[in-house]
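Below you'll find the structure, written out as structure tokens, and then a few comments.
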Amino acid sequence: MKDNILVYPVIVTECNDEAGHYYGVSSPNIQGMVTDGKTLPEAIKHAEDAIATMISDTEYPKVQDPRDWQIEENDSIMWVTVNMRRWLNDHGKTVRRNITIPENINNWAKENNINVSKVTTEALKELAGM
């Protein structure tokens with residue numbers, strides 16, 4: 001099977017707040033994709049996983065030109081490479097599932113750039129002993 005290599009731009013925000021120092025990652029190109037990492041390499045690795053998770057069961061979004069994006073002073077545009085064949089082999093097929101969470105938790109997750117799909121998956125894997 002041939003590799004399916006995708007490259008998407010992301011916005012990386014260096015954060016220093018009550019949670020400490022970390023890097024938040026989002027992308028207007030992948031609606032709803034937010035993640036973070038304590039280091040820049042960790043944040044980019046998490047972004048690769050988040051992008052693959054978000055698009056695995058969809059038609060892959062067309063790559064946007066990030067020069068059209070409005071970014072803040074502490075933001076940088078970076079590019080994330082995703083090997084979908086390798087990711088799907090490692091993670092299996094994903095399914096889209098709607099969940100219900102309290103609004104205040106949802107707002108907190110958005111404010112803190114938390115990838116709810118990733119957190120939910122990790123929690124379920126832990127419960128399943130995986």
* By average C-beta atoms within 10 angstrom, highest first, the peptides 35-47, 17-29 -> 35-47, 17-29
* What net charge is computed for the residues neighbouring Y8, neighbours being all others with C-beta under 11 Å from the C-beta of Y8, Lys and Arg scored +1, Asp and Glu -1? -> 0
* **Intensity falloff of region 20-60 expressed as log10 I(q)/I(0), Debye formula with alpha-carbon point scatterers, at q = 0.18 Å⁻¹** => -0.46
* To do: Could you tally up the Lys pairs in region 5-128 with alpha carbons closer than 23 Å? Skip any pair fewer than 8 positions apart unless they're on separate chains.
  => 14
* By counting other Cβ atoms within 10 Å of each Cβ, how are D65, D75 ranked from fewest to most? -> D65, D75
* Asked: Placing +1 at every Lys and Arg Cβ and -1 at every Asp and Glu Cβ, with all other atoms neutral, what dipole size does region 5-128 have around its Cα centre, in debye to the nearest 20?
  -> 700 debye
* **Computed [θ] at 222 nm, helices only, for the chain once each DSSP H run of length n ≥ 4 contributes -39500 (n - 2.57)** => -11000 deg cm²/dmol
* To do: Mind checking which of I71, I55, N16 is farthest towards the positive end of the chain's charge dipole, using Cβ charges of +1 (Lys, Arg) and -1 (Asp, Glu) about the Cα centre?
  => I55
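Rule-based calculations on the coordinates, nothing more; no lab input. These numbers come from a predicted model, not from an experiment. Virtual Cβ from ideal backbone geometry, glycine too; neighbours counted across all protein chains shown.
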